[in-house]
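Read the structure below first, then the notes.
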Amino acid sequence: MLAKRIIPCLDIDQGRVVKGVNFVNLVDAGDPLENAMYYDGEGADEIIFLDITASSDRRDIIYDMARNVADNIYTPFTIGGGLRTVEDMIRMVKAGADKVSLNSAAVKNPEIVRDGARVFGSQCIVVSIDAKSNNKGSFDVYVKGGRENTGLDALEWAKRVEELGAGEIMLTSMDRDGTRQGYDLELTQRVSDAVSIPVIASGGVGEKRHLLEGFTKGKASAVLAASIFHFREISIQEVRDYLRENKIPVKS
Amino acid sequence: MIQIIDYGRGNLNNVVKSFMNFGYQAEIIDQPKSIKDLSGLVLPGVGAFGDSMDSLNEKGFTSYIRDYIASKKPFLGICLGLQLIFEESDEFGDQKGMGVLKGRVTRFDIDEKVPHIGWNQAEFKKESRLFKGIPDESYFYFVHSYYVTPEDPSVTTTTSHYGIDFTSAIEHENIYATQFHPEKSQKIGLEVIKNFGELCAHHTSR
């Protein structure tokens, strides 16, 4: 049976792992390779790196990081952030990323999803959606780290990127990100039900129960968390044991 | 020497490294070389079927692979590398594969999320030297939307279950291939790499 996935996420700024709340108060939190090797050893199901480097002249560092990580671990990993063209994606996959994640670039030019899928196959293309609830009972898609409302409806956008050939959706709740109150389960479940591609739940994990809820209530195929793994509050193995006790199929 | 074919996508350094970790010589090639000194050939897979087949044809790799397989030395296909040695695929319209083995590659038509992404179990259907020392129902990493249905079911060494039971590894004479990624399957995956290395070394010393 296919195991449900547990995915630690690392934010990368200019080649270093950083941690902050809602993209502010960033603190240096170590070397990406060291962190990746730790998660590799822990048997994480995948690892996601999100490049948040702002200055464009420092953005090439992420390709070296991808190469370095790919050469040294045997765990699949995804890289997102700052990828704007098919050429960027080709370069990133060539550097060693197993999957690439698109966010703003897909909103700006949806055809990039189709073009990417044609070159790599859908399984390689993740579309990252940052969603925030509005006062109409639905969710809007945000870009630029949650600062800009695109006016797109999250459910419609999820269906659209599936049509375009995305292989997976990484769904982050901007309301919950950094709050440690758990995933936005309504958002996660609605998007998961709306598409036939896997959905990775993201944003808001503060304890292991939240990860379980991502599967049972959110209907996610994978759960992502950053800080609880990052600050070693809980190990991947503990999460796996806990999920198994709760009848969620996980890798042995 | 084990060669790993680079036909344009993906970083293959970790495949090379995984062989070298077990003491086997390995190199990446981006154009055909002499098959004479080879002990093993690996066709990895990142990309779409048609795009990859075009790239293999352009670089002259299709005849290279055929000649190599005819030499009876061990061959390993990984993921798309498994699919490409079959006859045809329906990915983005009908696409011709290498046709080394008979069978079709089709998209999952199931009541589950597609692509099939993540760790799934491989159940043994017959004994295979590629799985020596590996427990039945071990978890390996998959990431694909298409699967192969071999015309001759006896080539299947493992199946995995995702909506249906599909072929997740094959062995036919000197041809070995896996739908999953051993190079991305942590410790257990490296056992597969090691076993293939041993097969190559054993073949050379005969």
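The values are calculated or read from the model by the stated rules, or taken from the named source; none is laboratory data. None of the values given here were measured: they were computed from a predicted structure. Quick reminder, even Gly has a Cβ in these numbers, built from the backbone with ideal geometry, and neighbours come from all protein chains shown.
General observations
Here is a yes/no grid of residues against (1) more than 18 Å from A:Leu171 (Cβ to Cβ); (2) at pLDDT below 95:
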{"site": "A:Phe215", "(1), (2)": "no, no"}
{"site": "A:Ala220", "(1), (2)": "no, no"}
{"site": "A:Ala226", "(1), (2)": "no, yes"}
{"site": "A:Glu233", "(1), (2)": "yes, yes"}
{"site": "A:Ile236", "(1), (2)": "yes, no"}
{"site": "A:Val239", "(1), (2)": "yes, no"}
{"site": "A:Glu245", "(1), (2)": "yes, no"}
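- Entry remark, the range A:100-146: residues being charged (D, E, K, R), closer than 20 Å to A:Val191 by Cβ and in contact with a Phe, Trp or Tyr (Cβ under 8 Å, 6 or more places away or on another chain) number 2 in total.
- Evaluation of A:Arg91 against (1) at positive phi; (2) basic (Lys, Arg); (3) within 14 Å of another protein chain (Cβ to nearest Cβ) (one fails), failing number: (1)
- Lone qualifier among A:Val199, A:Val205 - being buried (at least 22 other Cβ atoms within 10 Å of the Cβ) and within 10 Å of A:Tyr183 (Cα to Cα): A:Val205
- The set of residues in the range A:148-166 being part of a helix (DSSP H, G or I) and either within 13 Å of chain B (Cβ to nearest Cβ) or in contact (Cβ under 8 Å) with a residue 24 or more places away in the chain (or both) consists of A:Ala154, A:Leu155, A:Trp157, A:Ala158, A:Lys159, A:Arg160, A:Val161, A:Glu162, A:Leu164.
- In the set B:Gly45, B:Gly97, B:Gly93, B:Gly10, only one residue is touching a helix residue (DSSP H, G or I) at 6+ places or on another chain (Cβ under 8 Å), buried (at least 19 other Cβ atoms within 10 Å of the Cβ), at pLDDT below 95 and at positive phi; that residue is B:Gly10.
- Residue check, B:Ile110 among the aliphatic types (A, V, I, L, M), farther than 20 Å from B:His172 by Cα and without any contact (Cβ under 8 Å) to a residue 40 or more places away in the chain: no
- Residue in the range A:48-62 that is in contact (Cβ under 8 Å) with a residue 24 or more places away in the chain, outside any strand (DSSP E or B) and within 12 Å of another protein chain (Cβ to nearest Cβ) present: no
- Between A:Ser104, A:Ser128, the distinction of being in contact with a strand residue (DSSP E or B) (Cβ under 6 Å, 6 or more places away or on another chain), touching a residue at least 24 places away in the same chain (Cβ under 8 Å), away from every other protein chain (no Cβ under 14 Å) and over 21 Å from B:His116 (Cβ atoms) belongs to A:Ser104 only.
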